Amino acid sequence: MKWLLFLVCLLAWVFQVQAGLISDTEFGGHAKSLGLYIDRVPNNSNEEGWLSSADFRADVRGRLAKDYDFELALEQQLLWSDPNSLGQISASSNNRAIDTEHNWNSDGRIEAQLRLDRFNLQGDVNGTLWTIGRQAIGFGRISLFSPLDVIAPFPPDAIDVDVRPGVDAIKLNHYFGLGGQLGGVVVFGDESEHNSYLVTFSENIGLADMLILTGTLRDRPMVGFGLAGELGPVGLKGELSWYDGQAEGDLRDDFAIGALEFWYRFNNGLVLLAEYLYNGPGRNDPQDYPLVAASAPLQEGLSYLLGRHYLLLAPSYELHPLVTASGLIIYNLRDASCLLRPQLSVSLANDLQLDLFWAFGLGEKNDRHPLLGLPIIRSEFGPVGDSGGFLLRWYF
């Protein structure tokens, strides 16, 4: 039924094109290929793993009846993994009221999914911009991991962050002054308790940009605050979000996530991003990491880390106009473990890019109790195996 409804909408769109109601149509998209090798499969330190993913996306944008803008995007993904438990195509998000994914051979070694990732209409009423339908929504300004990016954030170690997943929402934005904005967002979840109701306010104060975010995020009251500016040659960004931890699966009555990010470009061309992250849902004791991994904030994507205090570093340097070397370090300040990932980006042609990367998990390994045989967790990244691969991207 869901794809029959989509087909009817697509046929209606084609009819309106023929009737001249749609104009200024633009087409785009991408094709991507990801190959990944893991030297130790999770929960099996003696087995290697391989994963390959192919992704094709088609986007359409245009004008409807000369008064409205529309956006439509379809994405097809094919995933192969060995063993088949190593990777799975993500299920429907709890930020989507309508399930528009169609899967083939779920839980098999080869899986496929076709999904509708954008389907929205946009307009303007007396200076207030509105968007209704499946769309991308992102908050916050911090690059590495933003505490204010609460709807559909990327993990801090994500390789591909080009396209933010679409969510079912109604968004309003009213602009005033030189840089002021007042907005409201309603995100519809797969269940009523997963609905989000948020209000945003942003303004330029002196040389700093201020952002305030408050409301209810999936039945959890929250408030957030952020500032972005410069101190001489150093770019500074600070964000803090606070949550009422009363939702099912929360480990604390309330918790906060905060970050401070620095940006600096050295005279030799080296660019450095550095971030201190306070991860309120995490714990200081590594023995509590399994509880954190199963808690609601991590299951919802509010956090992807298990500890409490982190330093994140992301240096980059242009070796050649077509070649850039970069890296990512996520360092757990309490258990002294880290994820280290060097990366090389090569521009092969116009709109064709190849990324080569390798990730190391450094830190104390897990032990077992000499009498009980139970695992003793020593660090977050120490037990993580090394991994590496490539990402080939073509945009059209």
(message) For residue 128, what accessible surface area do you get with a 1.4 Å probe? Give it in Å², rounded to 10.
(response) 40 Å²
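Which FRET efficiency value, to the nearest 0.05, do you get for residue 319 and residue 27 by plugging their Cβ-Cβ distance into 1/(1 + (r/R0)^6) with R0 = 25 Å?
My answer for the efficiency is 0.15.
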(request) Provide the per residue accessible area, probe 1.4 Å, for the range 312-390, rounded to a whole number of square angstrom. (result) 55 Å²
(message) Rounded, prolate or oblate for the range 157-310? Axes are the square roots of the Cα gyration tensor eigenvalues, ordered a ≥ b ≥ c, and the cut-off for rounded is a/c under 1.5.
(response) oblate
(request) Counting only C-alpha contacts under 8 Å and six or more residues apart, can you give the relative contact order of the range 21-395 as a whole percent? (result) 11 percent
(request) Using a 1.4 angstrom probe on the protein heavy atoms only, line up 106, 326, 337 by accessible area, largest first. (result) 106, 326, 337
(request) Could you calculate the FRET efficiency of residue 65 with residue 360 from 1/(1 + (r/R0)^6), where r is the beta carbon distance between them and R0 is 45 Å, rounded to 0.05? (result) 0.25
(request) Starting from the Cα of residue 209, step 7 Å toward the Cβ, then list every residue of the range 236-261 with an amide N under 15 Å from that point. (result) 236-239, 261
(message) Over 5 Å intervals from 0, what percent of Cα-Cα pairs in the range 23-83 sits in each interval?
(response) 4, 15, 17, 12, 12, 9, 9, 7, 6, 5, 3, 1, 0
(message) Cβ neighbours within 10 Å, averaged per peptide: list 347-355, 304-312 in order, most packed at the top.
(response) 304-312, 347-355
(request) Using just the helices of the chain, give the 222 nm mean residue ellipticity in deg cm²/dmol: DSSP H runs with n ≥ 4 each add -39,500 (n - 2.57), and the total is spread over all residues, rounded to 500. (result) -2000 deg cm²/dmol
(message) Compute the angle between helix 2-18 and the longest alpha-carbon principal axis of the chain, please, reported from 0 to 90 degrees and rounded to the nearest 10.
(response) 40 degrees
(message) If you roll a 1.4 angstrom probe over the protein chains with everything in place, what fraction of the accessible area of the chain belongs to carbon and sulfur, to the nearest %?
(response) 60 percent
(message) So, R0 is 30 Å and r is the distance between the beta-carbons of residue 48 and residue 278; what FRET efficiency does that work out to, to 0.05?
(response) 0.25
(request) Starting from the residue with the highest accessible area, list 365, 66, 237 in decreasing order, probe 1.4 Å. (result) 66, 365, 237
(request) Could you rank the peptides 32-38, 46-52 by their average count of other C-beta atoms within 10 Å per residue, with the highest value first? (result) 32-38, 46-52
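The values are calculated or read from the model by the stated rules, or taken from the named source; none is laboratory data. Keep in mind the model is a prediction, meaning the values are calculated, not measured. Cβ: placed from backbone, ideal geometry, glycine included. Neighbour counts: every protein chain shown. Only protein heavy atoms, including side chains, enter the accessible area calculation; ligands, DNA and RNA are left aside. Shrake-Rupley method; radii C 1.70, N 1.55, O 1.52, S 1.80 Å.
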